[in-house]
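Student: The structure is given below, and queries will be raised subsequently.
Bear in mind that the values in this text are calculations on the coordinates, not laboratory data. Bear in mind that the values here come from a model prediction, so they are computed numbers and not experimental data. No Cβ is skipped: glycine too gets one built from the backbone with ideal geometry, and neighbour counts run over all protein chains shown.
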Amino acid sequence: MSYKCPVCGEQIKRDLTAYIDHTEKHIIDEIKGNHPDWVEKNGLCHKCLKYYRNQMKGEKDV
Ligand SMILES: [Zn+2]
């Protein structure tokens, strides 16, 4: 069973789907800014989650 990441469009295995905790709302808001149709229950792939986490980290350092 495969799953298409709504953020990058890549096909991944469903058990590799990542979900963002509500404590990471800043990440959720950032993804929604780029993908207005995305909702957090859709999940995303770990690659995208890591990407957005790194982005948030980068912004904090500036
Ligand atoms: Zn992705």
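Student: Charges only on Cβ, +1 for Lys and Arg, -1 for Asp and Glu: so what's the dipole of segment 2-61 about the Cα centre, in debye to the nearest 20?
Tutor: 200 debye
Student: Excluding residue 2 itself, calculate the net charge of residues whose Cβ lies under 14 Å from the Cβ of residue 2, where each Lys or Arg counts +1 and each Asp or Glu counts -1.
Tutor: With Lys, Arg at +1 and Asp, Glu at -1, the neighbours total +1.
Student: Mean residue ellipticity at 222 nm from the helices of the chain, using -39,500 (n - 2.57) per DSSP H segment of n ≥ 4 over the full residue count, to the nearest 500 deg cm²/dmol?
Tutor: Helix-only estimate at 222 nm: -13500 deg cm²/dmol.
Student: Label the chain by shape, choosing from rounded, prolate and oblate, from the square roots a ≥ b ≥ c of the eigenvalues of the Cα gyration tensor; if a/c is under 1.5 it is rounded, and otherwise prolate applies when a/b is larger than b/c, oblate when it is not. It would help to have the intermediate numbers written out before the result.
Tutor: On the way: a/c = 1.99, a/b = 1.73, b/c = 1.15.
Since a/c reaches 1.5 and a/b is larger than b/c, the shape of the chain is classed as prolate.
Student: Right, another one. Normalised by the number of residues in the chain, what is the relative contact order in percent for Cα pairs under 8 Å and 6+ residues apart?
Tutor: Values: 63 pairs, mean separation 22.1, N = 62.
Relative CO of the chain lands at 36 percent.
Student: Check residue 18: other-chain or 5+ apart residues with amide H under 5 Å from its amide H, H built from backbone geometry?
Tutor: 44, 45, 46
Student: Pick out, in residue order, every one of the chymotrypsin sites (Phe, Trp or Tyr not before Pro) in the chain that is DSSP loop and has at most 12 other C-beta atoms within 10 Å; say none if there are none.
Tutor: Qualifying residues, ordered by number: 19.
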